[in-house]
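Let me begin by presenting the structure, written as structure tokens, before commenting on it.
Please treat every number below as a calculation from the coordinates, not as lab data. Remember, predicted model here, so these are calculated numbers, not experimental data. As a convention, Cβ positions derive from the backbone with ideal geometry for all residues, glycine included, and neighbour counts pool all protein chains shown.
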Amino acid sequence: MRWLWIFLAAVAGALAGASLLQDPGYVLVRAGSWVFESSIAAGAISALAVLLTIFMVGAGLRHLISSFGMFGRWRSARQLSKSSDQWQRAIKAIAVGNWSMAADLLSGAGIPPERRLEAWLVQAQALWQRRDAQALASLLARAQRDFPEVHGDLVLATARWQILQGDAKSALASLAQVTEPARLSSAWAGLYAWGCVEQRQWDSLQRHWSLVDKSGVLKDPAFRQQMPRLRAGKAMADTLMAEGADGWRSGHKLLPKQWRSDPNTLGLWAEFLMDSGREEPAFELLEFELKKRRHPALVRRFGGFTQPKLQLLAIERAQAWRVKQPNDAELLLTLGRLFKANGQIDQARTHLLTAFNVIAGKQGTDQEPQDLEDMVLMELGRLATLSQG
């Protein structure tokens, strides 16, 4: 059908051309004082030229406009490429621990809304590593004011860093700024409980524990390494609530069965009791557990008493246990520490050297942990310094 119309147009054009050749005619165009006169053929050619000119000018304008658009797209693509490159360099800086460089790189990169939290976390970590507490507090305040959607996560991350670096007091102050919705998360509940344990705020931990249970902190993999400390802290809080000489037994009964079988939890609990000046309940707890099993976490803490009466009593118990296990390096280390604390330097040296020889005789068998040898050598060094003094 299309070819038929083309054929008919060609025929009509040929007929019109032949007619014009026989009778060219003329065209007169008047506009005010301007007059245009020509033949029909010349008029048609002029009209065609005018239309062609208009078409070419329009095409040129469209190309020019699209050129501006292409420049904008090129500029946008270049900025995106530069931003992506800065993000990659920032990630590499983070991988080698250079958080300051990462923060500087991201400050000049385009930060899309979905990546705002990552950029703020990098800035917060850089400020924390520089120990610039004032700038970090300003950053948290600005996030709370301008970007409340990232403020909660930013505070939780900062609090974890602070607790890990031994600044639990600042962590608790930061966590207190978190709004109510975030406080129902296991992250906030776990960090607050952890901070209470590190600060030895047992009353606060006792009041807070219902939220720990409700939010599922003890099932959260993020707190797997802190589980013994949290459990021991709960036992310590229960002990203080019970008070009296039987306090530790009440705390022991309140511990779930699986916690009572964890030596690390029990050892930390004994440590908390000693730190609070309650060495007698700690002695009773450790003696009660060591009668059932000689776990290193319990044996080592048995050598940490400072009261002379308890030191002598602990030496007596440990020597009785050594009769059945004469080459137990953990017991020998504990006896060495107890003798040293009690002022019996020669006895302390004898037991520490024996412990070192036992460990040396088992090298290559992986029967003794490396940290045990390090602790024995450290105690021998302290003993040498004490003797020289």
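With the dipole of the stretch 252-389 worked out from charges on the C-beta (+1 for Lys and Arg, -1 for Asp and Glu) around the Cα centre, which of A282, N357, G381 lies farthest toward the positive end?
A282
Sort the following peptides by mean Cβ neighbour count (other Cβ atoms within 10 Å, averaged over residues), highest first: 140-151, 288-299.
The most tightly packed comes first, giving 288-299, 140-151.
Considering the zone a paramagnetic label at K214 would reach in this model (a point 7 Å from Cα along the Cα-to-Cβ line), which residues of the stretch 126-165 have amide N under 15 Å from it?
Answer for the stretch 126-165: none.
Relative to the Cα centre, what is the charge dipole magnitude of the stretch 226-302, using +1 at the beta carbon of each Lys and Arg, -1 at the beta carbon of each Asp and Glu, and rounding to the nearest 20 debye?
Charge dipole of the stretch 226-302: 480 debye, to the nearest 20.
Jot down the per residue volume, in cubic angstrom and as a whole number, of the convex hull over the alpha-carbon atoms of the stretch 203-249. Show your work: numbers first, answer last.
Details: hull volume 3.3 nm³, N = 47.
In the stretch 203-249, the Cα convex hull volume per residue is 70 Å³.
Nearest 0.05, what FRET efficiency do R249 and R224 give at R0 = 35 Å with Cβ-Cβ as r?
On the way: r = 29 Å, r/R0 = 0.82.
Calculated transfer efficiency: 0.75.
How far is it, in nm, from the label point at K257 to the one at N327 when both lie 7 Å from their Cα along the line to the Cβ?
Taking the two extended label points, one gets 3.8 nm.
Report the Rg/Rh value for the stretch 310-389, based on alpha-carbon coordinates and the Kirkwood definition of Rh. Write down the numbers at each step before the final one.
Details: Rg = 12.3 Å, Rh = 12.7 Å.
Radius of gyration relative to Kirkwood radius: 0.97.
Per q in 0.14 Å⁻¹, report the Debye log10 I(q)/I(0) for the stretch 131-216, using one uniform scatterer on each alpha carbon and no solvent.
-0.45
Please compute the length gained on full extension between D275 and L313, using 0.36 nm multiplied by the number of residues separating them and subtracting their Cα-Cα distance.
11.8 nm
Calculate, for D371 and H295, the FRET efficiency according to 1/(1 + (r/R0)^6) with r their C-beta to C-beta distance and R0 25 Å; round to the nearest 0.05. Write out the running numbers ahead of the final one.
On the way: r = 15 Å, r/R0 = 0.58.
Computed FRET efficiency for D371 and H295: 0.95.
Find which of G195, Q177, L156 sits farthest along the positive direction of the dipole of the stretch 131-216, computed with +1 on the beta-carbon of Lys and Arg, -1 on that of Asp and Glu, about the Cα centre.
Going by the charge dipole, the pick is G195.
With only alpha-carbon atoms in the gyration tensor, what are the semi-axes of the equivalent ellipsoid for the stretch 226-302, in Å, largest first?
Result for the stretch 226-302: semi-axes of 16, 14, 12 Å.
Please work out how much length the chain gains when fully extended from N357 to R145, using 0.36 nm per residue of separation minus the C-alpha to C-alpha distance, in nm with one decimal.
This chain segment gains 70.1 nm when fully extended.
Starting from the Cα-Cα distance between R130 and E284, subtract it from 0.36 nm times their residue separation and give me the gain in nm to one decimal. Intermediate values should be presented prior to the final figure.
Working: separation 154, 0.36 × 154 = 55.44 nm, distance 4.47 nm.
Net length gain for the segment: 51.0 nm.
How high is the FRET efficiency between S138 and Q165 when r is their beta carbon distance and R₀ equals 25 Å, given to the nearest 0.05?
The pair S138/Q165 has a calculated efficiency of 0.80.
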